[in-house]
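A short write-up of the structure that comes next.
The values are calculated or read from the model by the stated rules, or taken from the named source; none is laboratory data. Values in this document were obtained by computation on a predicted structure and should not be read as measured data. Cβ coordinates were reconstructed from backbone atoms using ideal geometry, including for glycine residues, and neighbour counts include every protein chain displayed. Calculation scope for accessible area: heavy atoms of the full protein, side chains included, ligands and nucleic acids excluded. Shrake-Rupley method; radii C 1.70, N 1.55, O 1.52, S 1.80 Å.
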Amino acid sequence: MSSGAKIEFHHVFPRARVQSAYAKEERNGLADLVFVTGQTNKMISSKLPSEYMGGIDPDRLAEQWVPGDPELRSLDRFPEFLSARRRLLANVLNDLLGLPVPDEAAPRREVDEPPADDELIAEGPTAPSLVAARVQALRTEHGVEVHAVHDGRRVNGYYDPSSRTVTIPSGPGRGEYESPSGAAVAVVRALDPHVSPHRNGRSFWIVTATGEFLQSIR
């Protein structure tokens, strides 16, 4: 293959055109990325979708779940383009996983609320213990050692499988938290205050001894 035929990722709205007007988490999000050949990437360069997308076969756009509405291709409609593409991507993933399409009319969570899996795992008196032998083997004096890496920084902590609390003994987000997600939010806020801090703690924290996500020891 020639270098021009190699597959590269491309920003639908080039970063050079949006970086002065929109926040980092918007311009670097998955909803703004597509895959193109190197030759096409160079051809598009820093043009806006309103300048180049009219010459692209609509079927090629549909293959990568790019909204076909021409009204969403101008710089001032960038947030609306991202919103529309997120819905397309979410719908195709839900379909792939056999999940129902989300109800757009349903009330949405506030950004800082922990995800449902941290709220709904409370167990009744007859439920079996979550602290299995494998988890017990991972325990230290302070709990199960966990860590997370965000924005190039590593943060260490301890997870208590019995209370499901996370303690960060030092560094960004230092403190004790009632849930892994609460601790994750604190870390993101401390390290990168300009992005949305909402994170699912069970896929944010890594069990240091195994290298697996925290959800592996639920």
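Structure above, values below:
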quantity	calculated
Estimated FRET transfer efficiency (E63, L97; beta-carbon r; R0 25 Å; 0.05)	0.80
Length released on extending from E51 to L33, taking residue separation times 0.36 nm less the Cα-Cα span	4.8 nm
Portion, in percent, of the accessible area of segment 130-218 that falls on carbon or sulfur, probe 1.4 Å	46 percent
Net charge of Cβ neighbours under 9 Å - reference T165; Lys, Arg +1; Asp, Glu -1	-2
Accessible area, probe 1.4 Å, largest first, for residues L72, L93	L93, L72
Rounded accessible area of F213 (nearest 10 Å², 1.4 Å probe)	90 Å²
Separation between Cα centres of segment 168-204 and segment 22-88, rounded to whole Å	32 Å
Protection-proxy order for peptides 47-56, 152-161, each taking the mean of Cβ atoms within 10 Å per residue, highest first	152-161, 47-56
Chain lengthening between E212 and R86 when straightened (0.36 nm per residue, less Cα-Cα)	42.6 nm
Theoretical gain in end-to-end length, S20 to H147 [0.36 nm per residue, Cα-Cα removed]	42.3 nm
Label-point separation in nm, A137 to K6, each point 7 Å along Cα→Cβ	4.3 nm
Percent accessible area from carbon and sulfur atoms, segment 1-69, protein chains only, probe 1.4 Å	54 percent
